[in-house]
Amino acid sequence: MEEKKVELEWEVLRELLKLDEVCLMSEPLEELISGIYSFIQSKCLWQFFPREWDRKANIVGIMGMAAELVANSRLPQPETLVERYYYVEAKMLVSDIKKEFPQLFELGEAERREVIEKVKKKLLEVMVLKSINPELRLSSY
Amino acid sequence: MPFVLFRCDEVIPEREKHCYVKAPGEDVHEFLPAANIATIPGSLTERGCSYCGAKLVIGGAIKDCIQLIHGPVGCAYNTWHTKRYLSDNDNFQLKHVCSTDMKEVHIVYGGMKRLEKAIKEAFEAYPEIKRMIVYITCPTALIGDDINRVAKKVMEELGDVDIFCVSCPGFAGVSQSKGHHEFNMEWMRGKVGQYEPEITSPYTVNLIGEYNIQGDGFVFEDYMRRMGIQVIGHFTGNGSYDMLRGMHRAKLNVVICARSAGYIANELKRRFGIPRLDIDPWGFKYVAEGIRKIGAFFGLEDRAEKLIAEETAKWKPKLDWYRERLAGKKICIWTGGPRLWHWVKAFEDELGMRVVAMSCKFGHPDDFEKAISRGSEGTIYIDDGNELEFFEVIEMVKPDLIYTGPRVGDLVKKLHIPYLNGHGEHNGPYMGFEGFVNMARDMYNAIYSPLWELAREDLREWDDRLGSEEGDGGEESGAGMGSFARAVEAG
């Protein structure tokens, strides 16, 4: 029963990532995605939470809000304490990205959002889907 | 070849999967050292035991309860006062520890009556203390003593006391990490939610995985006070037993040692919806970032910026002085688990040092994910390192300084390499702005101390040299003594 549940979650995640999709972004944008991804890897602790479910929740929650913030489309309105936490991490991350990768903000709104979405997918791919951490999928702490 | 088999491990090739050297372009989903698995027979591990993880690391830092170890007296002594975690109640927890002092007869006939007697005696000896932690140990677990039953009986009998029991015999799990886990989960199951703390601020946090080593937690508590934030549960440095029962009332969990206390933060998130914010409190940039995040969470950005500005103005010039002198120095971090990833970037980015090797005793795979992601290419990463591997690594990387514990530290000192205590800290606090300057000062003093050069000298050569300078006169003062020894005696 437990195994089936885990398998099902993986299917959902694969769908979310759409790994088979060919990335059609230009080379400079690919470099930008790779740069932001490496920056997050070497800095942010939230991507390393110990279990698959909370690691995934953090990446989706924080990067989702970061995408909204860089696109200036609508400011996230956190309702719960956990959402407020995601918002804070996203806000700090975007502030760092502004300093480290100013070229992102020379792009249009849609492209900015897309770049962050691609970074999110890469993080999910490396830190969750392809992770070789054997403790990630234990059912309890 | 990302994994390496050291020469000393040729007879235990299983060690290869624990030793990794980061190559350009490698990601943590490609290579990760094996961690948190049983030590391979033949490898002289530096690990501690599960009981040690529960008592020495976590429970022992709680300031207002009696620590009672149900086992042989050595288990009490070996986890007592070896870690300098301070408290604001005259360090009660550092001064006192109780043991049931189990002997052969109690092992044969059972130790529960002895435990009951010891609990009552301890409460009589410290009448102002009404809280207690009882730890099981290997022998008392093996004979099946039911410490929970005894504790329940005494609590019912005495009425005004509360006792927490930890089932952490030394043989459980693969390292002290199991003891951390047991303490976290049992406290969460048995104690959290039992006490309603007095709330004095709309902004409330738990500080989790912070043990107030040499006053680290005092520094952080001061930052929180200046921002108007109330610390409810300090898990566990300078922590109060009852306030830790009220952890469910905080709005944010600020996590420092994610290895030893991430479990309780996760459970508080799962059960009470309290988010977990992991921070790095070492290094100016990291500390400022952590304070900014806490400030932003509560809408206290102005107070956070004021605090950062004040502290930076006070301490940054001092840090800059040390940075000039530490830049380019090679350092090894061989500690328990999280300090690898907490420290590596602070040392490299803010002090210009180069971390050439990292090893942890009880880290889990996620500790290596963090350490490798933050660490440099060419750096050596080792899980559960043994002494012979350390010798070989020293030969390979020729470090200027090693941050490690007293066990490996003694070995390092014999090689005349500067060593600093990375567990108990040398001259802390190490946390916060002030603490990072203290760290830099300790590193500077260790690296530039003339003692290391002097220690390399062969005193017999000095003896001969002094003897020839003194000529025959040497014989008059102290027959049988060398000239150097006489010189020392004469002051």
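Read-outs throughout are calculated quantities, based only on the coordinates presented, and are distinct from any laboratory measurement. Bear in mind that the values here come from a model prediction, so they are computed numbers and not experimental data. We place every Cβ from the backbone using ideal geometry, glycine too, and count neighbours over all the protein chains shown.
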Legend entry - Of B:S376, B:V412, B:G144, farthest towards positive along the dipole that unit charges on Lys, Arg, Asp, Glu beta carbons give the protein assembly as shown: B:G144
Inset, instruction - Consider all pairwise Cα distances in chain B and report the whole-number % of them above 44 Å. - result: 21 percent
Legend entry - Estimated FRET transfer efficiency when R0 is 45 angstrom, pair B:I129-A:E135 (beta carbons, to 0.05): 0.75
Inset, instruction - Please name which of B:H29, B:S43, B:Q93 has its Cα lying farthest along the dipole of the stretch B:1-93 towards the positive end, using unit charges on Cβ (Lys, Arg +1; Asp, Glu -1) and the Cα centre as origin. - result: B:Q93
Legend entry - Long-range HN-HN contacts of B:D64 with modeled amide H, under 5 Å: B:Y241
Inset, instruction - Would you kindly state how much longer the chain becomes between B:N89 and B:K117 on full extension, computed as 0.36 nm times their sequence separation minus their alpha carbon distance, in nm to one decimal? - result: 7.4 nm
Legend entry - Rounded to 5, percent antiparallel among DSSP beta bridges of the stretch B:204-308: 0 percent
Legend entry - Sites B:W462 and B:E10 - FRET efficiency at Förster radius 45 Å, r taken between beta-carbons, to 0.05: 0.65
Inset, instruction - Take the alpha carbon atoms of the stretch B:85-102, find their center, do the same for the stretch B:327-364, and report the distance between the two centers in whole angstrom. - result: 31 Å
Legend entry - Lys pairs, the stretch B:298-345 - Cα-Cα below 16 angstrom, 8 or more residues apart or on other chains: 4
Legend entry - For the protein assembly as shown, calculated [θ]222 nm from helices alone, where every DSSP H run of n ≥ 4 adds -39500 (n - 2.57): -14500 deg cm²/dmol
Inset, instruction - Answer rounded, prolate or oblate for the stretch B:315-453, using the Cα gyration tensor with square roots of eigenvalues a ≥ b ≥ c: rounded when a/c is under 1.5, else prolate when a/b is larger than b/c, else oblate. - result: oblate
Inset, instruction - Using only alpha carbon pairs under 8 Å that are at least six residues apart, calculate the relative contact order of chain B and give it in whole percent. - result: 16 percent
Inset, instruction - Mark the label point 7 Å from the Cα of B:L415 along Cα→Cβ and return the residues of the stretch B:444-458 whose backbone N is within less than 19 Å of it. - result: B:446-449, B:451-457
Inset, instruction - Quick one, can you get me the convex hull of the C-alpha atoms of the protein assembly as shown expressed as volume per residue in Å³? - result: 209 Å³
Legend entry - Contact order relative to length of the stretch B:315-453, as percent, for alpha carbon pairs under 8 angstrom and 6 or more apart: 26 percent
Inset, instruction - For B:S359, enumerate residues with amide H under 5 Å from its amide H, sequence gap 5+ or separate chain, H modeled in the peptide plane. - result: B:I333, B:W334, B:T335, B:I382
Legend entry - Estimated inter-spin distance, A:S38 and B:L142, nm [label 7 Å along Cα→Cβ]: 5.4 nm
Legend entry - Rounded FRET efficiency, nearest 0.05, which uses the C-beta distance separating B:E157 from B:E387 and R0 of 45 Å: 0.35
Legend entry - Total lysine pairs whose alpha carbons fall under 25 Å of each other in the stretch B:146-269 (8 or more apart, or interchain): 8
Inset, instruction - Mind giving me the nanometre distance, one decimal, between the label points for B:F171 and B:N427, set 7 Å out from Cα along Cα→Cβ? - result: 4.6 nm
